[in-house]
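Worksheet: one structure, shown below.
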Amino acid sequence: MITWTLGVLGLMLLLFVLLSPLESLRWWVDRGEREVRQTFELEPPGNPPPAAAEHFLVYLSGVGTIGGDALSRREEAWLDSLREALPEARVIGDVFPYAVDNRGLLQRATVWLWGRLERWRRGRWARLLPALIEIRNIAQVLVSADPRYGPTYNIGLAQEIWRSLQRHGYVPGGTTPVTLIGFSGGAQVALGAGGLLAGLGVPVSLIAVGGIFGDDPGLERLRRVWLLTGTRDRLQRLGVVAFPGRWPTAPLSHWGRAKREGRITRLVIGDMAHTGADGYLGRRASGSDGRSHAEATRDAVVRIIRGQGGARRGSG
């Protein structure tokens, strides 16, 4: 039974990888080019009014999410604590990173499938069939990292981030900084979309929490990239292994140039695993200083936003 289930999951992974580019390509053909032109239409010259906040933070969830309006309770609690710690900033968490049009998995014709898998997460199949959600979203991460299909996908996501920023008070044409917080695979799509926003003159940086990402061209445009890692998180090393552009043998890659320019900083923030109760957003597990993992991760983000650095540095 287990062998059969694993075989089905492997087949589904292959199908998702093969078919995943079609979603963004179809969107572009149907309405994407027209929407993007309208969304990113240049603002008329002049002095923009002051922004509603001193800093804007956009959280992009990991591959386990099913929609921008369906974050886990652990994520919602962490974002609430970040808002309390940074009252001068606007913290946003309503963008679904694994779709070009911000449609969550429960807003599609296949809602019957994704809704059922989401409910099964709490049952006996929690480690098997519901993994299709992660597999589907991982396929979109691979699309974002693909130099052939990535630009289409990333410009769609950049458009949704741009719309969300303006819904929350961001003023186009200003100089208010924007920091994308990409968790796990969310770091890759944040790089892809963030690079395009930076090309429009938006001052964009990235905080990758356990980030898995490739040698994305967005690394050339982002102001700074911080990698927050835990000593027990081995999954985040997948990006280093899977993408040759991040190998030491590729000093001329986007990653290599960003490192030489000093725009990449790796911070080891505690004894975190990748996900779960012992992960970066875990509220029960704690470090030697008595802070929960969620508190330690939040405090690292706060120090970065306020320009104080902090935590223990490691090699990129």
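Bear in mind that the values in this text are calculations on the coordinates, not laboratory data. Since the model is a prediction, treat every value here as computed from it, not as a measurement. As a convention, Cβ positions derive from the backbone with ideal geometry for all residues, glycine included, and neighbour counts pool all protein chains shown.
Among the trypsin sites (Lys or Arg not before Pro) in segment 262-303, which ones are in a DSSP loop with at most 15 other Cβ atoms within 10 Å of the Cβ? Mind listing them? List each step's numbers first, then the result.
On the way: sites: 263, 266, 283, 284, 291, 298, 303; in loops: 263, 283, 284, 291.
Listed in order of number, the matching sites are 283, 284, 291.
When a footprinting reagent is the concern and you count Cβ atoms within 10 Å, what order do 241, 209, 111 take, fewest first? Working shown, then result.
On the way: 241 9, 209 30, 111 14.
In increasing order of surrounding Cβ atoms, one gets 241, 111, 209.
Sorted by average packing, counted as other Cβ atoms within 10 angstrom per residue and highest first, what order do 69-82, 225-238, 174-187, 154-167 take? It would help to have the intermediate numbers written out before the result.
On the way: 69-82: 17.0, 225-238: 18.9, 174-187: 25.1, 154-167: 21.4.
Those peptides, ordered most packed to least, come out 174-187, 154-167, 225-238, 69-82.
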Would you mind checking which residues have amide H under 5 Å from residue 181's amide H? H placed 1.01 Å from N; only 5 or more apart, or other chain. 58, 59, 60, 207
List the extent of the Cα atoms of segment 114-261 along each of their three principal axes, largest first, rounded to whole Å. 49, 43, 32
Can you list residues from other chains, or at least 5 along the same chain, whose modelled amide H is less than 5 Å from the amide H of residue 279? 273
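Regarding segment 198-295, what's the average projected area of the Cα-atom convex hull, expressed in nm²? Could you put the intermediate results ahead of the total?
On the way: hull surface 27.6 nm².
For segment 198-295, the mean projected area of the Cα convex hull comes to 6.9 nm².
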